[in-house]
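Visitor: Starting off with a structure, shown below.
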Amino acid sequence: MDLTDKNYETIIKNQDKPVFVDFYSPTCGPCQVLLQIIEEKLEKFGEEQGVAVVKCDVSRNPKLADAFKVRSVPFTIAVLPDGKLKYPELGLKDEAYYFGIIEKLAGKGSFFGRLFS
């Protein structure tokens, strides 16, 4: 789902579940890799876990980029239902990192954490 300056209130502020946000640029190579992971895997996984996964093009939504103090992309962050921000991360990480964040937001430990606890 696309997050924009116009739908921010509906998607973030009026949400009763955590939201994982990816700030990207269409001209950024690592951003395109992350977008592919999001569109092919994370959106569905997030939905199954009760976590909204959204993406925001910083070139088309400068107000949001400024509000979240995005200075470089890809930049990901989680917004909790109470408005608190968690897990800010700059740059491209491996797939497992993003799945782990979604699990944490859903209140579950990571697969590896459960495996070795």
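The values are calculated or read from the model by the stated rules, or taken from the named source; none is laboratory data. From a predicted model like this one, the values you see are computed outputs, not experimental measurements. Using ideal geometry, Cβ is built from the backbone for each residue, glycine included, and neighbour counts are taken over all protein chains shown.
Visitor: What is the residue count in segment 3-25 for residues that are surrounded by fewer than 13 Cβ atoms within 10 Å (Cβ to Cβ) and either basic (Lys, Arg) or in contact with a helix residue (DSSP H, G or I) (Cβ under 9 Å, 6 or more places away or on another chain) (or both)? Please lay out each step first, then the result.
Guide: Taking segment 3-25 first, the residues surrounded by fewer than 13 Cβ atoms within 10 Å (Cβ to Cβ) are 6, 9-10, 13-14, 16.
From what's left, either basic (Lys, Arg) or in contact with a helix residue (DSSP H, G or I) (Cβ under 9 Å, 6 or more places away or on another chain) (or both): 6, 13.
Within segment 3-25, residues that are surrounded by fewer than 13 Cβ atoms within 10 Å (Cβ to Cβ) and either basic (Lys, Arg) or in contact with a helix residue (DSSP H, G or I) (Cβ under 9 Å, 6 or more places away or on another chain) (or both) number 2.
Visitor: Collect the residues in segment 1-44 that are among the aromatic types (Phe, Trp, Tyr) and modelled with pLDDT of 95 or more, keeping them in residue-number order. Working first, answer last.
Guide: So in segment 1-44, the residues among the aromatic types (Phe, Trp, Tyr) come out as 8, 20, 23-24.
Across segment 1-44, the qualifying residues are Phe20, Phe23, Tyr24.
Visitor: So for segment 43-63 (the condition being in contact (Cβ under 8 Å) with a residue 60 or more places away in the chain and loosely packed, with under 12 Cβ neighbours inside 10 Å), does at least one residue qualify?
Guide: The answer is no, given that none of the residues of segment 43-63 is in contact (Cβ under 8 Å) with a residue 60 or more places away in the chain and loosely packed, with under 12 Cβ neighbours inside 10 Å.
Visitor: Looking at Pro18, Pro88, which is the one that is in contact (Cβ under 8 Å) with a residue 60 or more places away in the chain, within 18 Å of Leu3 (Cα to Cα) and not hydrophobic (A, V, I, L, M, F, W, C)? I'd like the intermediate steps shown before the answer.
Guide: Working: Pro88 fails: in contact (Cβ under 8 Å) with a residue 60 or more places away in the chain.
Exactly one residue qualifies, and that residue is Pro18.
Visitor: OK, next. What about Lys63, is it under 24 Å from Gly107 (Cβ atoms) and among the charged types (D, E, K, R)? I'd like the intermediate steps shown before the answer.
Guide: Numbers: under 24 Å from Gly107 (Cβ atoms): no; among the charged types (D, E, K, R): yes.
It is false that Lys63 is under 24 Å from Gly107 (Cβ atoms) and among the charged types (D, E, K, R).
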